[in-house]
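K.L.:
Below is the structure I would like to discuss, written out as structure tokens.
The values are calculated or read from the model by the stated rules, or taken from the named source; none is laboratory data. Note that the structure is a prediction, hence the values are computed from the model and not measured. Virtual Cβ from ideal backbone geometry, glycine too; neighbours counted across all protein chains shown.
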Amino acid sequence: MNNFFLQNSCSINLNFLIYIHNLYENYHKSHKTSKFPWLPLKETALLDYNEMNMKARNLWTAIFDSYDMNDRVDLEWWINNKFHYYDLFKIDHAGMKLYEDIKKSFESWYWGIGKHMCDIFSHDLVENYYKELVVMTEKKDLQLKNTTFYLQVVYNAPPVSWKNKNEKMIIISPETKRPTVDELYDALFN
């Protein structure tokens, strides 16, 4: 079987981008049911929705393409402010204050229940997918790569224009359809 590992992960960085995107979407869109979180926001601190979405997508891609490690490194990036989330708000006193408040709100949720819920959601999926991948590769007389492949859990699915898989991981969310074992296989072998 070589050194193939299938691991669940709940990136604090990717989930924070979803959190910010949902805040903007709740503010700018009129939905009957708001996405989590809903917080009162001051328009003077916000970027134009399209500008924020473009910057957020670019930031998502940078994080997504850099992700070749475990949750410890992801957390180090968070602690060391590797990614400039404050660029998703106006660069003035009101924007920086809102950014800091949103970051505190997110950390309270993430470390309180958010990460735990994501881990519970994905735990059994890892074992099931792993078994199915082993069976599939044996049927095709192949071996799994010497790599770690991540089932990257985000609490809400990212916008469709944002990247959701590469050779290192695939995004999964409780609200979306699970990828098929064929999709995982294709990500690993193509």
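K.L.:
Go through the range 136-185 and give me each residue that's of a type in the set (D, E, K, R) and either part of a loop (DSSP other than H, G, I, E, B) or under 21 Å from Cys118 (Cβ atoms) (or both).
P.N.:
Listed by number, the residues that qualify are Lys140, Asp141, Lys145, Lys163, Lys165, Glu167, Lys168, Glu175, Lys177, Arg178, Glu183.
K.L.:
Could I ask something else about it? Give me the residue from the range 89-145 that is among the basic types (Lys, Arg) and closer than 30 Å to Glu25 by Cα and, out of that set, surrounded by the most Cβ atoms within 10 Å (Cβ to Cβ).
P.N.:
Ranking the qualifying residues of the range 89-145, first place goes to Lys90.
K.L.:
Something else about it: Return the residue satisfying two criteria in turn: it lies in the range 17-46 and is surrounded by 14 or more Cβ atoms within 10 Å (Cβ to Cβ) and more than 28 Å from Asp119 (Cβ to Cβ), and of such residues it is modelled with the lowest pLDDT.
P.N.:
His28
K.L.:
I'd like the residue in the range 47-78 that is at pLDDT 90 or above and small (Gly, Ala, Ser) and, out of all such residues, is farthest from Ile170 (Cα to Cα).
P.N.:
Top of the filtered list is Ala56.
K.L.:
Kindly indicate whether any position in the range 150-162 is surrounded by fewer than 19 Cβ atoms within 10 Å (Cβ to Cβ) and among the aromatic types (Phe, Trp, Tyr).
P.N.:
No, every residue in the range 150-162 fails to be surrounded by fewer than 19 Cβ atoms within 10 Å (Cβ to Cβ) and among the aromatic types (Phe, Trp, Tyr).
K.L.:
Separate question: Output the residue which, of all residues in the range 1-16 that are hydrophobic (A, V, I, L, M, F, W, C) and in contact with a strand residue (DSSP E or B) (Cβ under 6 Å, 6 or more places away or on another chain), is modelled with the highest pLDDT.
P.N.:
Checked the range 1-16; the qualifying residue modelled with the highest pLDDT is Cys10.
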